[in-house]
Amino acid sequence: DLRSPFSEAYHSIRSNLAFTTNDGAPRVLALTSARPEEGKSTTSLALAQGFARVGMRVLLVDLDLRNPSQHKIFGADNRVGASSLLTGAVRLQGAVQPTDWPNLFLIPSGPLPPSPAELLIGPRLVAFVKEAAEHFDMVILDGPPVMGLADAPLIASVAVGAVLTIEAGRTSRAQARAAMKRLRLGNARLFGAVLTKFDARQSVYGY
């Protein structure tokens, strides 16, 4: 519902992102979280839909090569995707899928590799992101959580900037700070954070 407070909140985030670079919204944006299931993929999708709605050609890429979800949300074929690109099995256009949303395109995760970090550390990720940015107005990378994994800092480092999603009442300040520190150590440019699942009635000191 475009008139709901939920949609309005993401509209506000989209508007704020338009001021994060000298050229407006970042051409390549990475989304991550401190822990699993904090709303990272929902936020990635909502932002992708929002930018597509204002006429931008948006590519949403599921780079969570451990626990992907975008192909489930879209009901998309996941036999070819980001992992296929990173292994050199297909070229960019062979992995892009149209969606029911005008201007919004998807690259699902593809088959899950045995060692995601090894795929992401190679030169193909940089080349893939660069090529995608040449064909689309905006590329949104839905990455895995930060803590305990090497993947998220690697993905964030190839983006123009990153946004951290933080679940209210579940992720502590210490966990959020630790995630931010890891991203910055990986040379990521952190634009800010999105607080998800917030309920003012259940707000607790320290979270």
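Once neighbouring chains are kept in place and the probe is 1.4 Å, which whole percent of the accessible area of the range 1-63 is contributed by carbon and sulfur? The partial results should precede the final answer.
Details: 1550 of 2920 Å².
C and S fraction of accessible area: 53 percent.
So if each residue of separation counts as 0.36 nm, and I subtract the Cα-Cα distance between K197 and V90, what length gain in nm does that give?
Length gained, K197 through V90: 34.8 nm.
What lysines could a cross-link reach from K197, if we take a straight Cα to Cα line under 17 Å and drop same-chain neighbours fewer than 8 places away?
Once the sequence-local lysines are set aside, what remains near K197 is K40.
Can you compute the FRET efficiency between R170 and L112 using 1/(1 + (r/R0)^6), with r the Cβ-Cβ distance and R0 = 35 Å? Round to the nearest 0.05.
Taking R0 as 35 Å, the efficiency between R170 and L112 is 0.85.
Can you grab the distance from the C-alpha centre of the range 95-161 to the C-alpha centre of the range 12-29, Å, no decimals?
Rounded to whole Å, the Cα centres lie 18 Å apart.
Round to a whole number: what % of the accessible area of the range 98-166 belongs to carbon and sulfur, probe 1.4 Å?
61
Could you tell me what a quarter of the Cα convex hull surface of the range 108-207 works out to, in nm² with one decimal place?
The orientation-averaged projected area of the Cα hull of the range 108-207 comes to 7.6 nm².
Beyond 13 Å, how much of the Cα-Cα pair distribution for the range 134-173 remains, as a whole percent?
Looking at the range 134-173, the distances longer than 13 Å represent 61 percent of pairs.
Ignoring ligands, DNA and RNA, what accessible area per residue does the chain give at 1.4 Å, in Å²?
50
If each of E37 and A127 carries a label point 7 Å out from its Cα toward its Cβ, how far apart are those two points in nm?
According to this spin-label approximation, the distance is 3.9 nm.
Students often forget the sequence filter, so: which aspartates and glutamates lie under 15 Å Cα-Cα from K72 once same-chain residues fewer than 8 apart are removed?
Within the straight-line cut-off, K72 pairs with E37, D62, D64, D100, D142.
How much length is gained if the chain between A178 and K72 is pulled fully straight, taking 0.36 nm per residue apart and subtracting their Cα-Cα distance, in nm to one decimal?
That works out to 35.2 nm of additional length.
With only alpha-carbon atoms counted, please give the Rg and Dmax of the range 1-139, in Å.
That works out to 14.8, 43 Å for Rg and Dmax.
What length, rounded to one decimal in nm, is gained on full extension from F6 through to N22, with 0.36 nm per residue of separation minus their alpha-carbon distance?
Once the chain is fully extended between F6 and N22, it gains 3.0 nm.
Rounded to the nearest 0.05, what FRET efficiency do A150 and S15 give with R0 = 25 Å and r taken as the Cβ-Cβ distance? Could you check?
So, using R0 = 25 Å, E works out to roughly 0.15.
What 222 nm value per residue comes from the helices of the chain, counting each DSSP H run with n ≥ 4 as -39,500 (n - 2.57) and dividing by all residues, nearest 500 deg cm²/dmol?
After summing the helix terms and dividing by the residues of the chain, the value is -11000 deg cm²/dmol.
Treat every Asp and Glu Cβ in the chain as -1 and every Lys and Arg Cβ as +1, leave all other atoms uncharged, and give the resulting dipole magnitude about the Cα centre to the nearest 20 debye.
520
The values are calculated or read from the model by the stated rules, or taken from the named source; none is laboratory data. A quick note: this is a predicted structure, and the numbers were derived from the prediction, not measured. Heads up, the Cβs are rebuilt from the backbone with ideal geometry, glycines too, and the neighbour counts pull from every protein chain shown. Side chains are part of the model used for accessible areas, which takes the heavy atoms of the whole protein and leaves out ligands, DNA and RNA. Shrake-Rupley method; radii C 1.70, N 1.55, O 1.52, S 1.80 Å.
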